[in-house]
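Engineer: Got a structure here, written out as structure tokens. Questions coming.
The values are calculated or read from the model by the stated rules, or taken from the named source; none is laboratory data. This is a predicted model, so every value here is computed, not measured. Cβ placement follows ideal geometry from the backbone for every residue including glycine, while neighbour counts extend to all protein chains displayed.
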Amino acid sequence: MNLLITGGAGFIGSNLIRSLIDKPEICKLINLDCLTYAGHLENLEGIHGKHPSYVFEKVDLREKSEVLRVIHQHDITHVMHLAAETHVDRSIAGPGDFITTNINGTFHLLEACRAHWLSSILPSVSSAYAPNSPYAASKAASDMLVRSYHHTYGLPTIITHCSNNHGPYQYPEKLIPVVIQSILARREIPVYGDGLNVRDWLHVDDHCAALWLVLNQGRAGESYNIGGLNEIANLHLVQRICDLVDEMQPTLGGHSRDLITFVPDRLGHDRRYSIDASKIQRELGWKPAHAPEFALRSTVQWYLENQSWAASMKVGV
């Protein structure tokens, strides 16, 4: 297996590489990433430049010829496509990058895979669509492109959808790291609207395990949902993080819940994200290995113990 992972210097991608780097099935693992604000080689410390099967390619998916070069040069046999612009707030402020990266970038990858597949065999990594933000719309469009390449050209693709991830190396503009860093700095913790918007939370290690299982055992042309079976309102999640930080860092003085501040709701803010993961459980036998309480505790602990990494990340739109 010569495996290409796009977006491998980001949050989910770097955790995925760490989980797969020693798999005996993988002869070569190629990390394609253009290192935007959310992609950092520091996330791959101990792997980047040191592991014999690992190769890093600094390539933007919007560069069609470079994507094709990587696919051909490394004789890619499997692809796990994680590269994307992901932050909803950024997509509202400036949707252009989401269109060019998530749609055009996926198109370039599909075209490169199809060209290579015509002379070989290329397995590659698939509810109704109702996107309510430019980010969601761009991802839905890229999914439709992947689906069309399977049905039109026979390219063996699989689409996966996951719920909200958390865990190590998540860029600190996302909810959980934002809350932790706000608590440590003793600054206000912003909560949109009334805080009762519900999300399902999935530990990134469970997501990585599911992706590997789908890549090896999933059926081409199918779509699989990967959920954490852990729905919770944003406000209640924030309160739980406050309690965990107060417990783990008693020198802060406690009462971190007092920092919670309600701010105007986000444009197009979905009231609930729910995911039905019964198909992947039924067909592939997957379910989350991390209990929700343990998963959240381990995530909070990681950020508290890795403040030097958090300090090196510059957040800003």
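Engineer: Among the numbered criteria (1) surrounded by fewer than 18 Cβ atoms within 10 Å (Cβ to Cβ); (2) under 22 Å from L211 (Cα atoms); (3) over 19 Å from the mean Cα position of the chain (by Cα), which single criterion is violated by R69?
Structural biologist: Condition (2) is where R69 drops out.
Engineer: What number of residues in segment 78-121 are assigned to a loop (DSSP other than H, G, I, E, B) and either outside the structural domain of M144 (by TED's automatic domain parsing) or surrounded by 19 or more Cβ atoms within 10 Å (Cβ to Cβ) (or both)? Explain how you work it out, then say what you get.
Structural biologist: In the first step, residues of segment 78-121 are kept if they are assigned to a loop (DSSP other than H, G, I, E, B); the result is 82-87, 94-95, 118-121.
If we keep only those that are either outside the structural domain of M144 (by TED's automatic domain parsing) or surrounded by 19 or more Cβ atoms within 10 Å (Cβ to Cβ) (or both) too, we end up with 82-86.
Residues in segment 78-121 being assigned to a loop (DSSP other than H, G, I, E, B) and either outside the structural domain of M144 (by TED's automatic domain parsing) or surrounded by 19 or more Cβ atoms within 10 Å (Cβ to Cβ) (or both): 5 in total.
Engineer: Tell me which residues, restricted to segment 257-288, are of a type in the set (V, I, T), within 30 Å of V245 (Cβ to Cβ) and surrounded by 15 or more Cβ atoms within 10 Å (Cβ to Cβ). If you could, list the steps in order and put the result at the bottom.
Structural biologist: Filtering segment 257-288 down to residues of a type in the set (V, I, T) leaves 260-261, 263, 275, 280.
Restricting the remaining residues to those that are within 30 Å of V245 (Cβ to Cβ) gives 260-261, 263, 275.
Scanning segment 257-288 gives I260, I275.
Engineer: Please go through segment 173-198 and pick out each residue that is buried (at least 20 other Cβ atoms within 10 Å of the Cβ) and touching a Phe, Trp or Tyr at 6+ places or on another chain (Cβ under 9 Å).
Structural biologist: Applying the first criterion (buried (at least 20 other Cβ atoms within 10 Å of the Cβ)) to segment 173-198 yields 175-177, 179-180, 182-183, 189, 191.
Of everything in segment 173-198, those that are buried (at least 20 other Cβ atoms within 10 Å of the Cβ) and touching a Phe, Trp or Tyr at 6+ places or on another chain (Cβ under 9 Å) turn out to be I176, P177, I180, V191.
Engineer: Moving on. The conditions are (1) assigned to a loop (DSSP other than H, G, I, E, B); (2) over 15 Å from the mean Cα position of the chain (by Cα), and V55 fails exactly one of them. Which is it?
Structural biologist: Condition not satisfied by V55: (1).
Engineer: Any chance you could count how many residues in segment 53-66 are surrounded by fewer than 16 Cβ atoms within 10 Å (Cβ to Cβ) and closer than 23 Å to S19 by Cα?
Structural biologist: 1
Engineer: Give me the strands (runs of 3 or more DSSP E) completely within segment 149-262, filtered to those with at least 3 residues that are farther than 30 Å from E283 by Cβ, ordered by residue number. Working first, answer last.
Structural biologist: Details: elements: 159-162, 164-166, 189-192, 198-203, 223-226, 231-233.
Of the strands (runs of 3 or more DSSP E) lying wholly inside segment 149-262, those with at least 3 residues that are farther than 30 Å from E283 by Cβ span 189-192.
Engineer: Now a separate question. Filter segment 1-52 for residues that are part of a loop (DSSP other than H, G, I, E, B), touching a Phe, Trp or Tyr at 6+ places or on another chain (Cβ under 7 Å) and under 17 Å from Q170 (Cβ atoms) and give the result. Before the answer, list the steps.
Structural biologist: Filtering segment 1-52 down to residues part of a loop (DSSP other than H, G, I, E, B) leaves 1, 7-10, 21-27, 33-40, 45-52.
Next, only the ones that are touching a Phe, Trp or Tyr at 6+ places or on another chain (Cβ under 7 Å) stay: 21, 38, 47-48.
If the condition is that a residue be part of a loop (DSSP other than H, G, I, E, B), touching a Phe, Trp or Tyr at 6+ places or on another chain (Cβ under 7 Å) and under 17 Å from Q170 (Cβ atoms), then A38 is the only one that fits.
Engineer: Something else: Of G227, G221, which residue is closer than 28 Å to A130 by Cβ, within 21 Å of the chain's Cα centre (by Cα) and not aliphatic (A, V, I, L, M)?
Structural biologist: Of G227, G221, the one residue that is closer than 28 Å to A130 by Cβ, within 21 Å of the chain's Cα centre (by Cα) and not aliphatic (A, V, I, L, M) is G227.
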